[in-house]
Structures are given as structure tokens and as C-alpha cells.
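The values are calculated or read from the model by the stated rules, or taken from the named source; none is laboratory data. The structure displayed is predicted, hence computed values, not measured ones. Heads up, the Cβs are rebuilt from the backbone with ideal geometry, glycines too, and the neighbour counts pull from every protein chain shown.
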Amino acid sequence: EAQVTQNPRYLITVTGKKLTVTCSQNMNHEYMSWYRQDPGLGLRQIYYSMNVEVTDKGDVPEGYKVSRKEKRNFPLILESPSPNQTSLYFCATAGVTGYTFGSGTRLTVV
Amino acid sequence: GEDVEQSLFLSVREGDSSVINCTYTDSSSTYLYWYKQEPGAGLQLLTYIFSNMDMKQDQRLTVLLNKKDKHLSLRIADTQTGDSAIYFCAELDSSASKIIFGSGTRLSIRP
């Protein structure tokens, strides 16, 4: 089954403690992306990757890092999380006809 | 810049048709999408339409595209309680590097 797997689903952390949210896809797609969803703002793109070792900033990249060492994985790294990064995060991959999203990671930074 | 706008709320009676409207600004978009998000769940692609189409029908769903007015709509026939969700309109941006989402329309069904 084609899917995008994110982990963890829920995470509560403290300000400044580095964390990584993993994302893996089994569709052999070159494109992957991270979005955050906030009430009233819809989804906004954080970073995207067109291929292995190629990453670019989206609309709201500040405070985030990504890496794309292999095609299937695209982790999102928060080096020093802050409360304004409390949000619902979605990883996505894209094929010809559309994007497939993971189930989401709800992050709370206290 | 590119923008997608949609109303925040829609309430319909069970069994009626729901029509969710959306406007977008990027006239060069090639794909337009409708996603559904149920409470606590991820995003489910409902349907998409190519920019060279005017209409697409898929069972209870009908998508209408007016390119001149940059207006997209989603009609759900015979709305059921299971259709309660947030519906996102989205467009593929001209660089094909991202999809741009509207803020979502929360559809509620009343008996």
C-alpha cells in the first residue's frame, strides 16, 4: 500500500530541546515536502525536496532544518524548538496526480 | 503572491447538496485539488481537476472550474453525516514546487 509514514504522531517537548520528526514514503517519489497546519492559516510549506540532496525553503522555513540523504526519507529537524512551533505537521510526497500526506504529527512546545 | 481563498464555514441539512467555493489567484496553475480532513485525521485527496477541464464528476462529487473567474467549486450531492469535515481547496503553484492551500471550509451537517 502506498503510504507516507510520520513519527511520532504526538510529541510534547520543552523549549530548546532538539527534536526530529521522521517521514518515510514507499512510492519511490522524488518530491517530498513538509507543511505545518495552524488554525485559520491553512497549511503552509516549510521545506521541500525535489530529489536526493536537493532541498529548498518553503514559505515558513525559519527554525527548521531538513535533510534528504536518501529518496524515501525526509526528516524535519527542530534544533531549538520554541512555543510558536506548536502546530500540526504534515509530510507529503507528490506524484503525477497529486500529493499524498502522512497522518500528521501534533507537536506541542512548552 | 499566489493565494487561495475559501469561506470558513458551511452548514447544510442532511440529504441536501453542499457547495463549497474557492477562488485562486495563479492563472497558470495546472492542477487544482480538493482535500478532506476529518477531526484528528490527516489530509485525504478527494479529487483533482486539470486546468483545461471545466467539470469533473466522481460519484457524489462534482468539481466545477471557471478559469476566467479563477473560481473552483466542490458540490457534494446527498450530503451525509460522514461528510462532516474541513475541506481544503488547493492549487499547484506555477513552479510545481508546492501546493497552496486555502484556509479550509468546515462543513457541518444538521439533521
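Identify the residue in region A:64-84 that is surrounded by 20 or more Cβ atoms within 10 Å (Cβ to Cβ) and over 18 Å from B:I99 (Cβ atoms) and, among all such residues, is farthest from the other protein chains (Cβ to nearest Cβ).
Of everything passing the filter in region A:64-84, A:P81 is farthest from the other protein chains (Cβ to nearest Cβ).
Quick test for you: out of A:S49, A:S24, A:S33, pick the one residue that is more than 14 Å from every other protein chain (Cβ to nearest Cβ), surrounded by 17 or more Cβ atoms within 10 Å (Cβ to Cβ) and part of a strand (DSSP E or B).
Values: A:S49 fails: more than 14 Å from every other protein chain (Cβ to nearest Cβ); A:S33 fails: more than 14 Å from every other protein chain (Cβ to nearest Cβ).
None of the others qualify; the one that does is A:S24.
Within region A:10-21, take every residue that is in a strand (DSSP E or B) and polar (S, T, N, Q) and give me the one that is surrounded by the most Cβ atoms within 10 Å (Cβ to Cβ).
So, considering only residues that are in a strand (DSSP E or B) and polar (S, T, N, Q), the one surrounded by the most Cβ atoms within 10 Å (Cβ to Cβ) is A:T13.
On the given criteria, is A:G40 more than 13 Å from A:C91 (Cα to Cα), touching a helix residue (DSSP H, G or I) at 6+ places or on another chain (Cβ under 8 Å) and outside any strand (DSSP E or B)?
Spelling it out, it is not the case that A:G40 is more than 13 Å from A:C91 (Cα to Cα), touching a helix residue (DSSP H, G or I) at 6+ places or on another chain (Cβ under 8 Å) and outside any strand (DSSP E or B).
Right, A:G40: free of Cβ contacts under 8 Å to residues at least 24 places away in the same chain, surrounded by 15 or more Cβ atoms within 10 Å (Cβ to Cβ) and of a type in the set (G, A, S) or not?
For A:G40, the condition - free of Cβ contacts under 8 Å to residues at least 24 places away in the same chain, surrounded by 15 or more Cβ atoms within 10 Å (Cβ to Cβ) and of a type in the set (G, A, S) - is not met.
Assess whether A:Y64 counts as being under 20 Å from A:T100 (Cα atoms) and of a type in the set (F, W, Y).
No.
Counting residues that are within 12 Å of another protein chain (Cβ to nearest Cβ), surrounded by 13 or more Cβ atoms within 10 Å (Cβ to Cβ) and among the aliphatic types (A, V, I, L, M), which strands (runs of 3 or more DSSP E) fully inside chain B reach at least 3?
B:43-50, B:85-92
Within region A:87-107, take every residue that is surrounded by fewer than 17 Cβ atoms within 10 Å (Cβ to Cβ) and more than 7 Å from every other protein chain (Cβ to nearest Cβ) and give me the one that is modelled with the highest pLDDT.
If we take residues in region A:87-107 being surrounded by fewer than 17 Cβ atoms within 10 Å (Cβ to Cβ) and more than 7 Å from every other protein chain (Cβ to nearest Cβ), then A:R106 is modelled with the highest pLDDT.
Look at region B:66-111 and say how many of its residues are in contact with a Phe, Trp or Tyr (Cβ under 7 Å, 6 or more places away or on another chain) and among the hydrophobic types (A, V, I, L, M, F, W, C). Let's see the steps before the verdict.
First, pick out the residues of region B:66-111 that are in contact with a Phe, Trp or Tyr (Cβ under 7 Å, 6 or more places away or on another chain): B:70, B:72, B:74, B:87-92, B:97-99, B:101-102, B:104-107.
From what is left, the residues that are among the hydrophobic types (A, V, I, L, M, F, W, C) are B:72, B:74, B:88-90, B:92, B:99, B:101, B:107.
The total comes to 9.
With the structure loaded, tell me whether A:R9 is in contact with a Gly (Cβ under 8 Å, 6 or more places away or on another chain) and within 14 Å of another protein chain (Cβ to nearest Cβ) or whether it fails that test.
On the way: in contact with a Gly (Cβ under 8 Å, 6 or more places away or on another chain): yes; within 14 Å of another protein chain (Cβ to nearest Cβ): yes.
Yes, satisfied.
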